[in-house]
Amino acid sequence: METVVLVIGANGQLGSVLVKALQDKFGINNVIASDLRYRDGFKGQFEIIDATDFERIQEVVETHKVTQIYHLAAILSAKGEEHPLQTWDINMKTLFNVLEVSRLNNIEKVFFPSSIAVFGDGAVKYETPNTAYLDPATVYGISKATGENWAQYYFLRYGLDVRSLRYPGVIGYQSLPGGGTTDYAVDIFHKAVLGEPFQCFLNEDATLPMIMMEDAIRATIELMDAPKEAIKTRTSYNLAGTSFSPAEIANEITKIYPDFKIEYAPDFRQQIADKWPNSIDDTAAREEWGWQPEFNLEAMTKTMIKELKAYYNLIPA
Ligand code: AKB
């Protein structure tokens, strides 16, 4: 059977880049990108889907004979705190719809992204293990921790092959994040390249786990490609790239832009960051399906600046 992939939330920070990678892998006609709105300039197959609408997902799955679903739509940590109950409703309803459509249509594989937001004060902050106690402090984190258990339930009860990663903050030049606590670490590069000062909404020492977009995409595809028997963790895998604080990233940027200026004006997002790990132990991902990150902070900084300079069409520094 030919693989046909449906990506829900295809206009998002990760989705927009993942769709291209999946098009390269499966062919442009075998990837159905979907989101609430059409994306101008998008190349490939696109369907408007509101993932709270079960019938609409079912219709697209039937029409395109979909065999895999990547469900990336969610309201993230910072944005989610504005309307907690609405965030819960959207994050859970969309997941239940995807799981049910997948079960009813014998979907071969489902990808459900989780997050470091599942951790709270009950987990050690340094090298947080995969099996740490989960007591998330944001509604986004609660929805992801709950979603992980539902993913496992569908695997155990119905044999649905749901696979999941706990993403750290994703850093990429290709797209912009929105509504997250780790978003500062993308914005800072845009300001640096444009020669503007940066006001950071986290404290200088707020160390958080992060991953370069290239690593995040590769991890997703490697996880989905792994043989079914290799996937022993059916809640979600810890995924580490690198970890750094705003002060450390600013320091790395000043090696390229010595005049770069940062000031700190922590807001409510600092309280979210305080509950999250400083670093992640991803031994299970490494041992079970061979995960290896490639980007450290230095490589990330060099790549971000080089690519954003090209994007803004600036001459080399
Ligand atoms: C957020 O900051 O909410 C996300 C995440 C870590 O899941 N980037």
Fill in the blank from the handout: Of the residues in region 255-283, those that are more than 14 Å from Phe119 (Cα to Cα), within 14 Å of the ligand (Cβ to nearest atom) and of a type outside the set (S, T, N, Q) come to Asp267, Phe268, Arg269
Exercise for the section: Search region 269-287 for residues that are of a type in the set (Gly, Ala, Ser) and pair each with any residue that is crowded, with 18+ Cβ neighbours inside 10 Å and part of a helix (DSSP H, G or I) when their beta-carbon atoms are under 8 Å apart and the residues are at least 6 apart or on different chains. Expected result: Ala285/Ala219; Ala285/Leu223
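Would you check if there is a residue in region 128-139 being open to solvent by 10 Å² or more (accessible area, probe 1.4 Å), among the polar types (S, T, N, Q) and at pLDDT 95 or above?
Within region 128-139, one or more residues are open to solvent by 10 Å² or more (accessible area, probe 1.4 Å), among the polar types (S, T, N, Q) and at pLDDT 95 or above.
To keep it simple, each residue is scored yes or no on (1) more than 30 Å from Val19 (Cβ to Cβ); (2) outside any strand (DSSP E or B).
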| residue | (1), (2) |
| --- | --- |
| Val170 | no, no |
| Leu176 | no, yes |
| Gly179 | no, yes |
| Ile188 | no, yes |
| Ala192 | no, yes |
| Gln199 | yes, no |
| Arg234 | no, yes |
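Condition (residue is over 19 Å from the mean Cα position of the chain (by Cα), open to solvent by less than 80 Å² (accessible area, probe 1.4 Å) and closer than 20 Å to Gly120 by Cβ) applied to region 267-274: is it met by at least one residue? It would help to see each step written out before you state the result.
Going residue by residue through region 267-274, those that are over 19 Å from the mean Cα position of the chain (by Cα) are 267-268, 270-271, 274.
Now narrow it down to the ones that are open to solvent by less than 80 Å² (accessible area, probe 1.4 Å): 267, 270.
So of that shortlist, the ones also closer than 20 Å to Gly120 by Cβ come out as 267, 270.
Within region 267-274, one or more residues are over 19 Å from the mean Cα position of the chain (by Cα), open to solvent by less than 80 Å² (accessible area, probe 1.4 Å) and closer than 20 Å to Gly120 by Cβ.
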Problem - Subset of region 21-46 that is of a type in the set (D, E, K, R) and over 25 Å from Arg218 (Cα atoms) - its residue that is surrounded by the most Cβ atoms within 10 Å (Cβ to Cβ) - result: Arg37
Practice task
Would you check if there is a residue in region 48-57 being in contact with a strand residue (DSSP E or B) (Cβ under 7 Å, 6 or more places away or on another chain), in the same structural domain as Asn91 (by TED's automatic domain parsing) and of a type in the set (S, T, N, Q)?
Solution key: no
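If a residue must be in contact (Cβ under 8 Å) with a residue 12 or more places away in the chain and open to solvent by 10 Å² or more (accessible area, probe 1.4 Å), how many such residues does region 169-190 contain?
Of all residues in region 169-190, those in contact (Cβ under 8 Å) with a residue 12 or more places away in the chain come to 169-186, 188-190.
Next, only the ones that are open to solvent by 10 Å² or more (accessible area, probe 1.4 Å) stay: 170, 173-179, 182-183, 190.
Total satisfying the criteria: 11.
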Problem - Odd one out for Leu160 among (1) outside any helix (DSSP H, G or I); (2) in contact with an Asp or Glu (Cβ under 9 Å, 6 or more places away or on another chain); (3) of a type in the set (A, V, I, L, M); (4) assigned by TED's automatic domain parsing to the domain that holds Ile69 - result: (2)
Practice task
Determine, yes or no, whether Ile231 is outside the structural domain of Gly15 (by TED's automatic domain parsing) and in contact with a helix residue (DSSP H, G or I) (Cβ under 8 Å, 6 or more places away or on another chain).
Solution key: no
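The values are calculated or read from the model by the stated rules, or taken from the named source; none is laboratory data. Note that the structure is a prediction, hence the values are computed from the model and not measured. All Cβ positions, even for glycine, are placed from backbone atoms using ideal geometry, and neighbour counts span all protein chains on display. Just the protein is used for accessible areas: all its heavy atoms, side chains included, with ligands, DNA and RNA removed. Shrake-Rupley method; radii C 1.70, N 1.55, O 1.52, S 1.80 Å.
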